[in-house]
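This report refers to the structure that appears directly beneath it.
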């Protein structure tokens, strides 16, 4: 529905949180149950991606409720002022049980990280996603999780495997490894740290374990102290070690 691109973010959040939900179909090629839905509220509509907790495959390192991590990623993106993640909520009264709902992005799905990195005009946005993933501890940044919107804006999606307490950064975005943080990125990170996270922490604590929120704060502090984007810690004596820092599949 084109209307979802014209509605301000606050309106989309209301649609997702309070709108009447219609399941339009199941999204293909998803490891967990993922559905395209339509939301309607007071004559406004949007399409969204719904991931019910009941449709998740059990994981040994992430407990059930991955959709809460999707919502937490949106909260982090908004707290930084970066607008990288489409409007996302956790909704209890969803048709197939509690789950996350994220506004569907109108995007050119032939584009992804490996195509966008070829164009320098996208590098500033991709550097922000790289820094975001460090703070969020993204364990699954595939190339296809970067979308090019119809307006040329780059969006970051699929954050169910974020915010683990232990280091788990796995990403395809290593092209900027070792680079100094761009000035605007460092300023935004520092502003969030200096603010003491008060508003963000309240929202994060409702979605994540306290220890996971504390670990996020520590990653933010370490990134600011380092002043540069990390490089994968590859063991020169272990040829397979580099792949620990890449998701699979890559796209």
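Just so it is clear, none of the values below were taken in a lab; they were calculated from the coordinates. Since the model is a prediction, treat every value here as computed from it, not as a measurement. Cβ coordinates were reconstructed from backbone atoms using ideal geometry, including for glycine residues, and neighbour counts include every protein chain displayed.
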| field | 0 to 90° range, to nearest 10: angle between helix 123-136 axis and the chain longest Cα axis | value | 90 degrees
| field | residue 119-residue 93 FRET efficiency (beta carbon distance; Förster radius 35 Å; 0.05 resolution) | value | 0.25
| Which order results if 114, 132, 163, 176 are arranged by neighbouring Cβ count within 10 Å, fewest first? | 114, 176, 132, 163
| query | What is the order of 127, 57, fewest Cβ neighbours within 10 Å to most? | reply | 57, 127
| task | Would you please give the FRET efficiency between residue 177 and residue 221, computed as 1/(1 + (r/R0)^6) with r the Cβ-Cβ distance and R0 = 22 Å, to the nearest 0.05? | result | 0.65
| remark: Computed over the range 96-155, the relative contact order (Cα-Cα under 8 Å, seq sep at least six) in percent reads 49 percent
| remark: Taking only the alpha-carbon positions of the range 2-245 as identical scatterers, the Debye log10 I(q)/I(0) at q = 0.07, 0.09, 0.14, 0.17 Å⁻¹ comes out as -0.23, -0.38, -0.95, -1.40
| request: Taking the chain as the reference, fit the longest principal axis to its C-alpha atoms, fit the long axis of helix 9-18 to the helix C-alpha atoms, and give the angle between the two in degrees, 0 to 90, nearest 10. | output: 60 degrees
| Between the range 97-136 and the range 167-209, how many Å separate their Cα centres? | 15 Å
| query | Of 51, 128, 121, how do they rank once you tally other Cβ atoms within 10 Å and put the fewest first? | reply | 121, 128, 51
| task | Mind pulling the angle between the C-alpha long axis of helix 210-226 and the longest principal axis of the chain? Nearest 10 degrees, somewhere in 0 to 90. | result | 50 degrees
